[in-house]
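Step one of this worksheet: look at the structure below.
The values are calculated or read from the model by the stated rules, or taken from the named source; none is laboratory data. The structure displayed is predicted, hence computed values, not measured ones. Counting neighbours? That spans all protein chains shown, and the Cβs are built from the backbone with ideal geometry, glycine included.
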Amino acid sequence: MGTGHPLRIGILAFDDVEELDLVGPYEVLTAWADHSPLRPEVCLFSPDGAGVRAAKGLRLLPDTSAAEVGDLHVLIHPGGQGTRRLAQDHDHLAWLRELRPTTPLLASVCTGALVYAAAGLLAGRPATTHWRAVDELAAIDPSVMIDTEARFVDDGDVLTSAGVSAGIDMALHLVARLESTTAARDVRRGIQYDPAPPV
């Protein structure tokens with residue numbers, strides 16, 4: 001990317017985004033950024049740069065806007081109820097298509113995959129989404145090869161993850177890909193992520 005930060009990761013915030021879809025990867029990636037020699041920069045942005053109200057009511061104040069965010073190495077598109085609107089927003093879909101050639105890796109959490117599919121970015125590719133949204137994804141683009149079992153699907157330059165908490169797994173995989181498995185394990189230990197649900 002040429003500037004002081006070769007690795008820039010942008011996480012998109014929007015109204016009715018699912019909180020953990022966004023905050024899960026943000027926690028993983030900023031914990032990584034604190035210790036990595038790669039000095040990744042994690043940026044939170046919204047379409048217009050204004051604050052957003054997430055699905056459960058959490059309010060978030062992004063760093064910048066889509067127009068100002070600049071070149072990214074990775075774009076993370078979370079899910080949530082707000083994706084239904086974005087999947088029909090022609091400007092948003094056009095922005096994604098425009099960003100695609102200059103962004104080496106597109107990632108999604110949960111129903112973020114619906115938006116990528118609506119933009120034509122998952123055509124003929126393996127992908128996953130929240131189990132409740134599998135039929136919606138198939139309806140948007142029947143050519144998507146939907147993996148209903150995986151926590152995340154890595155298809156090279158596109159990474160999709162299943163529902164909500166799966167975004168944490170996907171982000172840890174991203175750390176392993178961008179730096180090393182050791183770095184990812186260090187982050188996992190640091191945030192004490194060791195799933196063993198009590199129920």
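Worth a mention:
- Every residue from segment 175-192 that is part of a helix (DSSP H, G or I), of a type outside the set (Gly, Ala, Ser) and surrounded by 14 or more Cβ atoms within 10 Å (Cβ to Cβ): Val175, Arg177, Leu178, Asp186, Val187, Arg188
- On the stretch given as segment 144-168, residues that are free of Cβ contacts under 8 Å to residues at least 40 places away in the same chain and in contact with a Leu (Cβ under 8 Å, 6 or more places away or on another chain) total 4.
- Enumeration of residues in segment 111-127 that are surrounded by 13 or more Cβ atoms within 10 Å (Cβ to Cβ) and at positive phi: Gly120
- Residues in segment 101-116 that are of a type in the set (A, V, I, L, M, F, W, C) and part of a loop (DSSP other than H, G, I, E, B): Cys110 only.
- Conditions (1) farther than 22 Å from Gly163 by Cα; (2) modelled with pLDDT of 95 or more; (3) out of contact with any helix residue (DSSP H, G or I) (no Cβ under 6 Å at 6 or more places or on another chain); number of the one not met by Pro6: (2)
Condition check ((1) under 23 Å from Asp16 (Cα atoms); (2) surrounded by fewer than 13 Cβ atoms within 10 Å (Cβ to Cβ); (3) in contact (Cβ under 8 Å) with a residue 60 or more places away in the chain) across all residues:
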| residue | (1), (2), (3) |
| --- | --- |
| Arg100 | no, no, no |
| Val109 | yes, no, yes |
| Met170 | yes, no, yes |
| Asp194 | no, yes, no |
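- Residue selected from segment 159-168 under the condition closer than 18 Å to Ile9 by Cβ and not hydroxyl-bearing (Ser, Thr, Tyr), by the criterion surrounded by the most Cβ atoms within 10 Å (Cβ to Cβ): Gly167
- Within segment 77-98, the only residue that satisfies the criterion of being crowded, with 23+ Cβ neighbours inside 10 Å and among the polar types (S, T, N, Q) is Thr83.
- Odd one out for Leu137, checked against (1) of a type outside the set (Phe, Trp, Tyr); (2) surrounded by fewer than 19 Cβ atoms within 10 Å (Cβ to Cβ); (3) assigned to a helix (DSSP H, G or I): (2)
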